[in-house]
Amino acid sequence: MPRSREENERVRQLAQENIRTSAMQVFIEKGYYNASIADIAKRAGVSKGLLYNYYKGKEELLGDMVQSRIEEIEDVMHKAASLGTPSEQLKHIIDGAIDNVLQHPKIYRFYLHLQTQPEEDLLLSRYSQMLNEEMARQFQLQCEMFRKLGVPEPEIRSLHFSSAIHGISLMISTYPEHYPVRQVKEQLFRDFCVTE
């Protein structure tokens, strides 16, 4: 019996997820430019032909990975925005960001590296710009949370908050086994989620 349209779509999504996961592993190990489609297909356990059935090449694959990352960021922020109070919203952002880095420190470093590509690298800087534009959109949502919290200069407070989270994320991704995550999260909650 042939598969239904829904089953075909599920199989396609699983295959693409496997390829994206494998590509991430290869990009982390070899770097984008040194990774080949053959490396990615081998890691994914698929033929190059099947991989090309889903992606035209490495750049389209990277674009899909960046789009998935953007959707993850949007998801965390939309879930945060749906919570009742600004304090709960900010706590959700802290938990989401730090827990993600704890679970995937190398992936965090990969996207951080991608976000800081020089403009002269026309290929990678395009994806860097996509990530940075999404971060700027989400920053505006975060500023609104601080505005509702009633803090003076909500944009500066939001910038301070983002800087603290990114610094902590970098430290966790560099020293994952020696970082006092629970204590630092509690300090972030006290510093940013409580009005005086």
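Things to note:
- Neighbours of Q25 by Cβ distance under 12 Å: Lys/Arg scored +1, Asp/Glu scored -1, total +3.
- Loop GluC sites (Glu not before Pro), region 50-145 (other Cβ atoms within 10 Å of the site Cβ: 13 or fewer; DSSP): E119, E120
- The 3J(HN,Hα) values that the Karplus relation (6.51, -1.76, 1.60; θ = phi - 60°) gives for region 74-89 are, in residue order, 4, 4, 4, 5, 5, 5, 4, 4, 7, 6, x, 10, x, 4, 5, 5 Hz. Gly and Pro appear as x.
- Projected-area mean, the chain, by convex hull of Cα positions, square nanometres: 13.8 nm²
- Sum of side-chain charges, S128 neighbourhood, beta-carbon under 12 Å (Lys, Arg +1; Asp, Glu -1): -3
- Qualifying lysines (Cα of each under 17 Å from Cα of K48; at least 8 residues distant if same chain): K56, K58
- Estimated vicinal HN-Hα couplings, Hz - region 162-177 in sequence order (Karplus 6.51, -1.76, 1.60; Gly, Pro = x): 4, 4, 5, 5, 5, x, 5, 4, 5, 4, 4, 5, 8, 10, x, 8
- Helix-derived mean residue ellipticity, 222 nm - over the chain, DSSP H n ≥ 4, -39500 (n - 2.57), to 500: -26500 deg cm²/dmol
- What a 1.4 Å probe finds exposed on the chain is 53% carbon and sulfur by accessible area, rounded to a whole percent.
- Cα shape, region 92-196, gyration tensor, a/c 1.5 rule: oblate
- For region 132-140, the Karplus equation 6.51 cos²θ - 1.76 cosθ + 1.60, evaluated at θ = phi - 60°, returns couplings of 5, 5, 5, 4, 5, 5, 5, 4, 5 Hz by residue, with Gly and Pro reported as x.
- Ligands, DNA and RNA are left out, and with a 1.4 angstrom probe the accessible area of the chain is 59 Å² per residue.
- Scanning the chain for trypsin sites (Lys or Arg not before Pro) lying in DSSP loops with no more than 14 further Cβ atoms inside 10 Å, the longest uninterrupted stretch between such sites is 57-196.
- With respect to the chain, whose longest principal axis is taken over its alpha-carbon atoms, helix 5-30 is tilted by about 80°.
The values are calculated or read from the model by the stated rules, or taken from the named source; none is laboratory data. No experiment lies behind these values; they were computed from the predicted model shown. Positions of Cβ are generated from backbone atoms using ideal geometry, with glycine treated the same way; all protein chains shown enter the neighbour counts. The area values use the complete protein model at the heavy-atom level, side chains included, leaving out ligands, DNA and RNA. Shrake-Rupley method; radii C 1.70, N 1.55, O 1.52, S 1.80 Å.
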